[in-house]
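Novice: Structure in structure tokens, see below.
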Amino acid sequence: MSKLSFEAFFKEVHGYSPFPWQSRLAARVTETGRWPRLLDLPTGVGKTSAIDVALYALAVNPERAPRRIVLVVDRRIIVDQAADHAEFILLALGQARKGPAREVADRLRRLWGAGAEQAPFQTAVLRGGLPRQSDWARRPDMPVVALSTVDQAGSRLLFRGYGVSTSMAPIHAGLLGEDALFLLDEVHLSEPFRETLASIESRWRPNVGLQSRFQVVEMSATPGRELPEADVLELEDEDRGHPVLEQRLGARKPTRFEAVKVTGRDESKKRATLARAAAEAAKELVEEGARTVGVVLNRVETARRTWAALQEEGRVDAVLLTGRMRPLDRDRLLDPKGKYWPRIRAGRKTRASGESLIVVATQTIEAGADLDFDGLVTECASLDALRQRFGRLDRRGEVAGDQMVNLDCAKGVVLVRSDQMADSEDDPVYGGALARTAGFLESLGDDLDFGLSSLSVPEGEALEALLAGRPRAPTLMPAYIDRWVQTSPPPQPSPELALFLHGTESPTPELSVVWRSEIDRLLQQRGEISQEKLTALLTACPPRAEEALALPLPAAKAWLGGSREADVSDAVGAGDGAGQAKDREDATAWVWTENGVQRYRLRDLYPGALVVLGVGQGGLTAENWDPSSEEPVTDLGDKAQFESVRRRGRGRATLRLWTETLSGFGAPDGFGSGFEVPADDDVDLSQAVVDWLGERMVHEGTSAFEQV
């Protein structure tokens, strides 16, 4: 391996050479076995490539490099995009027949005795709290790249894995507590978990007497704290002189600041006023020549109202993208071969693609998401959040050089409600930092420019006042650990995990929801639901992460209890969950567990629970969560099974022969058109499905049904 360079490996996998900072990081890690404490890098310079570096280092120096690489970030869309990055590397290594990629793949295979045709490592997406998805935990010697939210990685590390059985809890804790590299992406989003990890690394791990292959690396464009120079990797002159990075760092982003006048005390009306202003500002940017415009709001409801206002106009194409979507719905929206993704992805060849597109979103896209807009409208937030959002504007500095677009540079608009200009701590997401940031931006006047090299920010305490408050984790005491390590059965009371994952200020743990036709069919056929029958039906087609929607626990309880309003954000620790279910305090919900479905009272629902609802429950508008919607929801159960088998290369795909589920199955890759339910009631539905499948089995390629 001494002749194998990281540059050759990286170029063979991705088709282009790494940036200088990526090469420096690879050399440092392979030579010393230690990572920098902080990767202090601006947005758009490829921080996700830390996964490439970690795999290369494991192949070169397996005695010192951690075997499990865990990238953690509290943004669901970034988890999914990082998973795509890891899957791309896995595919490239798996298909390599010679060269550096093959050499790295073979080294990784030898670590766990895998054959030449087996995968060199495994990927795992830890989110949604779904049981029976623990393939990555079967072998401690197998290299793993795990992509996770804070809740999923943190709960497993602390012996209380959400969705993990009590018998498997200590195994998950052991796997993540040793021989593991934690890459905390956008660390400013998960400060309490960083503190918990730091306490484990410095205070508790030295006591166990194991070789230290446990490391924590922070990655952020806005880290918010200073570390010794030796512990930090940042851009150097050779990076700034790199032609690609020079273009990105030097792109101008002139921005207009505007206060939107609101009156009265009705929050709903104020949000509606802001939504209309955001829609108008987006249309103005389109009229000025922007082909794709991003609109980022602080609350899901405001984003939904903005999207609705644009739909009423009908003059531009608009899509709604929040963190409150099912992964399959999000995958369809962001399908690389679909209608939208080729028009908004970073690195697209041209911005001139016919009809203009407006993407209305929440904080879910502000950090790490590889999106690229010609124009940006954003609700005011803390300064660090705004800088992250503007990282999606002209992400690669290509607007000025694109002759197909009549723009000399990308432009932005920052909107703030007039009642939020006062210096107060009232904002539920950003506190007083929102008002102070608004004042700072207003003071810049026509000089406001969010370009990476253009925005002049204050220093010291003046800067700290403009940043979002960061919650703190409690001190990790021995008594807490003594309770957590008891797993079967867990002792009561037990320390609250959320405090150590999200901090002591307004922690908002989540649960997941899936919609299934089984509940509606049982109600129609029998008028009631048998626990045994529902368990049998769901066991045949078990719920999976691909079809699950993550919701803040308080908001979910209020909605399930009858509330049609729940003002939530996609920001961590924002106190989500307005409203209380006063008239249905004893309401219950079905929860999917490792022992089948169980009936729970709403007040007993727990973080990580998987609630199964009937499709008639409603709750989605434009595939995003809307507690006021009563429109039936599409059942994605069979599609989720198919996608799970397709991605893992094993398992069981199902197809429930019901009209409502067949119509929702859609058209998986390689299956041509989707199944159309026969209009004639006399047609044998089962035979029609068999004929439809038979026609598609002749297609080349791999089919999940062929693998069964």
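The values are calculated or read from the model by the stated rules, or taken from the named source; none is laboratory data. Remember, it's a predicted structure, so these values are computed and weren't measured experimentally. Neighbour counts are summed over all protein chains in view; Cβ atoms, including those assigned to glycine, are modelled from backbone coordinates with ideal geometry. Note: accessible area is taken over every heavy atom of the protein model, side chains too, but ligands, DNA and RNA are not part of it. Shrake-Rupley method; radii C 1.70, N 1.55, O 1.52, S 1.80 Å.
Novice: Any residue in segment 472-487 that is surrounded by 15 or more Cβ atoms within 10 Å (Cβ to Cβ) and modelled with pLDDT under 90?
Specialist: no
Listed here are the residues, each with its yes/no results for (1) among the charged types (D, E, K, R); (2) open to solvent by less than 10 Å² (accessible area, probe 1.4 Å); (3) modelled with pLDDT under 85.
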position	(1), (2), (3)
Gln525	no, no, yes
Glu528	yes, no, yes
Ala556	no, yes, no
Gly561	no, yes, no
Ser569	no, yes, yes
Val572	no, no, yes
Gly575	no, no, yes
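Novice: Could you look through segment 353-375, keep only residues that are out of contact with any Asp or Glu (no Cβ under 8 Å at 6 or more places or on another chain) and open to solvent by 30 Å² or more (accessible area, probe 1.4 Å), and pick out the one that is modelled with the highest pLDDT? Quick ask: steps written out before the conclusion?
Specialist: Filtering segment 353-375 down to residues out of contact with any Asp or Glu (no Cβ under 8 Å at 6 or more places or on another chain) leaves 353-354, 359-361, 365-366, 369-371.
Next, only the ones that are open to solvent by 30 Å² or more (accessible area, probe 1.4 Å) stay: 353-354, 370.
Values: Ser353: 57, Gly354: 65, Asp370: 79.
Checked segment 353-375; the qualifying residue modelled with the highest pLDDT is Asp370.
Novice: Can I ask one more? For Pro243, work out the one condition from (1) touching an Asp or Glu at 6+ places or on another chain (Cβ under 8 Å); (2) within 30 Å of Leu25 (Cα to Cα); (3) of a type outside the set (A, V, I, L, M) it doesn't fulfil.
Specialist: Pro243 satisfies all of (1) touching an Asp or Glu at 6+ places or on another chain (Cβ under 8 Å); (2) within 30 Å of Leu25 (Cα to Cα); (3) of a type outside the set (A, V, I, L, M) except (1).
Novice: I would also like to ask the following. Regarding segment 492-502, can at least one residue be identified that is within 21 Å of Lys253 (Cβ to Cβ) and exposed (fewer than 15 other Cβ atoms within 10 Å of the Cβ)?
Specialist: Within segment 492-502, not a single residue is within 21 Å of Lys253 (Cβ to Cβ) and exposed (fewer than 15 other Cβ atoms within 10 Å of the Cβ).
Novice: Something else now. Only residues in segment 294-305 that are in a helix (DSSP H, G or I) count as the first member; pair them with residues that are polar (S, T, N, Q) and open to solvent by 10 Å² or more (accessible area, probe 1.4 Å), Cβ under 7 angstrom, at least 6 apart or cross-chain, and list the lot.
Specialist: Arg304/Thr621
Table: residues versus (1) among the aromatic types (Phe, Trp, Tyr); (2) in contact with an Asp or Glu (Cβ under 9 Å, 6 or more places away or on another chain); (3) touching a residue at least 60 places away in the same chain (Cβ under 8 Å).
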{"residue": "Asp106", "(1), (2), (3)": "no, no, no"}
{"residue": "Glu117", "(1), (2), (3)": "no, no, no"}
{"residue": "Pro143", "(1), (2), (3)": "no, no, yes"}
{"residue": "Thr149", "(1), (2), (3)": "no, yes, yes"}
{"residue": "Leu157", "(1), (2), (3)": "no, no, no"}
{"residue": "Arg160", "(1), (2), (3)": "no, no, yes"}
{"residue": "Ser165", "(1), (2), (3)": "no, yes, yes"}
{"residue": "Leu175", "(1), (2), (3)": "no, no, yes"}
{"residue": "Leu181", "(1), (2), (3)": "no, no, yes"}
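Novice: Taking the condition of being of a type in the set (Gly, Ala, Ser), assigned to a loop (DSSP other than H, G, I, E, B) and either open to solvent by less than 30 Å² (accessible area, probe 1.4 Å) or modelled with pLDDT of 90 or more (or both), how many residues in segment 427-453 meet it? Working first, answer last.
Specialist: Going through segment 427-453, the residues of a type in the set (Gly, Ala, Ser) turn out to be 431-433, 435, 438-439, 443, 445, 451, 453.
Now drop any that are not assigned to a loop (DSSP other than H, G, I, E, B), which leaves 431, 451, 453.
Narrowing further to those that are either open to solvent by less than 30 Å² (accessible area, probe 1.4 Å) or modelled with pLDDT of 90 or more (or both): 431, 451.
Within segment 427-453, residues that are of a type in the set (Gly, Ala, Ser), assigned to a loop (DSSP other than H, G, I, E, B) and either open to solvent by less than 30 Å² (accessible area, probe 1.4 Å) or modelled with pLDDT of 90 or more (or both) number 2.
Novice: Which residues, taken from segment 404-421, are open to solvent by 30 Å² or more (accessible area, probe 1.4 Å) and either closer than 18 Å to Ser454 by Cα or touching a strand residue (DSSP E or B) at 6+ places or on another chain (Cβ under 7 Å) (or both)?
Specialist: Here is the first cut: in segment 404-421, the ones open to solvent by 30 Å² or more (accessible area, probe 1.4 Å) are 404, 406, 408, 411, 418-421.
Across segment 404-421, the qualifying residues are Asp408, Lys411, Ser418, Met421.
Novice: Being in contact with a helix residue (DSSP H, G or I) (Cβ under 9 Å, 6 or more places away or on another chain), modelled with pLDDT of 80 or more and more than 29 Å from Glu301 (Cα to Cα) is true for just one of Phe642, Phe705, Phe675, Phe671. Which residue is that?
Specialist: Matching residue, one of Phe642, Phe705, Phe675, Phe671: Phe642.
Novice: Does Arg343 satisfy the condition of being open to solvent by 20 Å² or more (accessible area, probe 1.4 Å), assigned to a helix (DSSP H, G or I) and touching a residue at least 60 places away in the same chain (Cβ under 8 Å)?
Specialist: On the way: open to solvent by 20 Å² or more (accessible area, probe 1.4 Å): yes; assigned to a helix (DSSP H, G or I): yes; touching a residue at least 60 places away in the same chain (Cβ under 8 Å): no.
It is false that Arg343 is open to solvent by 20 Å² or more (accessible area, probe 1.4 Å), assigned to a helix (DSSP H, G or I) and touching a residue at least 60 places away in the same chain (Cβ under 8 Å).
Novice: Would you mind stating whether Arg252 is assigned to a helix (DSSP H, G or I) and either over 28 Å from Arg76 (Cβ atoms) or at pLDDT 90 or above (or both)?
Specialist: Working: assigned to a helix (DSSP H, G or I): no; either over 28 Å from Arg76 (Cβ atoms) or at pLDDT 90 or above (or both): yes.
No; evaluated as a whole, the condition is false for this residue.
Novice: So if I check each of Asp141, Asp151, which one is outside any helix (DSSP H, G or I) and among the acidic types (Asp, Glu)? Can you show your working first?
Specialist: Working: Asp151 fails: outside any helix (DSSP H, G or I).
When all the criteria are applied, what remains is Asp141.
Novice: Answer yes if at least one residue in segment 286-301 is under 18 Å from Ala622 (Cβ atoms), crowded, with 16+ Cβ neighbours inside 10 Å and out of contact with any strand residue (DSSP E or B) (no Cβ under 8 Å at 6 or more places or on another chain), and no otherwise.
Specialist: Checking segment 286-301: at least one residue is under 18 Å from Ala622 (Cβ atoms), crowded, with 16+ Cβ neighbours inside 10 Å and out of contact with any strand residue (DSSP E or B) (no Cβ under 8 Å at 6 or more places or on another chain).
Novice: Follow-up question, since we're still on this one. Note down all Cβ pairs under 8 Å where the first residue falls in segment 475-492 and is without any contact (Cβ under 8 Å) to a residue 12 or more places away in the chain, the second is charged (D, E, K, R) and surrounded by 13 or more Cβ atoms within 10 Å (Cβ to Cβ), and they're at least six residues apart or on different chains.
Specialist: The qualifying pairs are Pro491/Arg483.
Novice: Which pairs do you get when a residue that is open to solvent by 50 Å² or more (accessible area, probe 1.4 Å), found in segment 626-639, comes within reach of a residue that is part of a helix (DSSP H, G or I), reach meaning Cβ atoms under 6 angstrom, with the pair 6+ apart or on two chains?
Specialist: Taking only residues 6 or more apart or on different chains, the pairs are Pro632/Val615; Pro632/Gly616; Thr634/Gly664.
Novice: Return only the number of the condition from (1) crowded, with 19+ Cβ neighbours inside 10 Å; (2) modelled with pLDDT under 90 that Gly314 does not satisfy.
Specialist: (1)
Novice: Another question, if that's okay. Which residues, taken from segment 51-93, are open to solvent by 30 Å² or more (accessible area, probe 1.4 Å) and aromatic (Phe, Trp, Tyr)?
Specialist: Phe88
Novice: From Ile69, Ile89, which residue is under 22 Å from the mean Cα position of the chain (by Cα) and either part of a helix (DSSP H, G or I) or on the phi > 0 side of the Ramachandran plot (or both)? Full working, then the answer.
Specialist: Details: Ile69 fails: either part of a helix (DSSP H, G or I) or on the phi > 0 side of the Ramachandran plot (or both).
Answer to the selection: Ile89.
Novice: Failed condition for Ser424, given (1) surrounded by fewer than 14 Cβ atoms within 10 Å (Cβ to Cβ); (2) in contact (Cβ under 8 Å) with a residue 40 or more places away in the chain, with all others met?
Specialist: Exception for Ser424: condition (2).
Novice: Does Ala462 meet the test of being among the aliphatic types (A, V, I, L, M) and without any contact (Cβ under 8 Å) to a residue 60 or more places away in the chain? Lay out the reasoning, then the answer.
Specialist: Working: among the aliphatic types (A, V, I, L, M): yes; without any contact (Cβ under 8 Å) to a residue 60 or more places away in the chain: yes.
For Ala462, the condition - among the aliphatic types (A, V, I, L, M) and without any contact (Cβ under 8 Å) to a residue 60 or more places away in the chain - is met.
Novice: Further question on the same structure: Mind listing whichever residues of segment 163-215 are among the β-branched types (Val, Ile, Thr) and either closer than 30 Å to Pro542 by Cα or crowded, with 22+ Cβ neighbours inside 10 Å (or both)?
Specialist: Of segment 163-215, the ones among the β-branched types (Val, Ile, Thr) are 164, 166, 171, 187, 196, 200, 208.
If the condition is that a residue be among the β-branched types (Val, Ile, Thr) and either closer than 30 Å to Pro542 by Cα or crowded, with 22+ Cβ neighbours inside 10 Å (or both), then Val164, Thr166, Ile171, Val187, Thr196 are the ones that fit.
Novice: Further, regarding this structure: Quick one: in segment 17-35, of everything that is assigned to a loop (DSSP other than H, G, I, E, B) and at pLDDT 95 or above, which residue is most open to solvent (accessible area, probe 1.4 Å)?
Specialist: Initial filter on segment 17-35 (assigned to a loop (DSSP other than H, G, I, E, B)): 17-19, 33-35.
Among the residues that remain, those that are also at pLDDT 95 or above are: 17-19, 35.
Working: Ser17: 68, Pro18: 14, Phe19: 27, Trp35: 25 Å².
Checked segment 17-35; the qualifying residue most open to solvent (accessible area, probe 1.4 Å) is Ser17.
Novice: Now a separate question. Would you call Arg324 modelled with pLDDT under 85 and either acidic (Asp, Glu) or touching a helix residue (DSSP H, G or I) at 6+ places or on another chain (Cβ under 9 Å) (or both)?
Specialist: Details: modelled with pLDDT under 85: no; either acidic (Asp, Glu) or touching a helix residue (DSSP H, G or I) at 6+ places or on another chain (Cβ under 9 Å) (or both): yes.
Spelling it out, it is not the case that Arg324 is modelled with pLDDT under 85 and either acidic (Asp, Glu) or touching a helix residue (DSSP H, G or I) at 6+ places or on another chain (Cβ under 9 Å) (or both).
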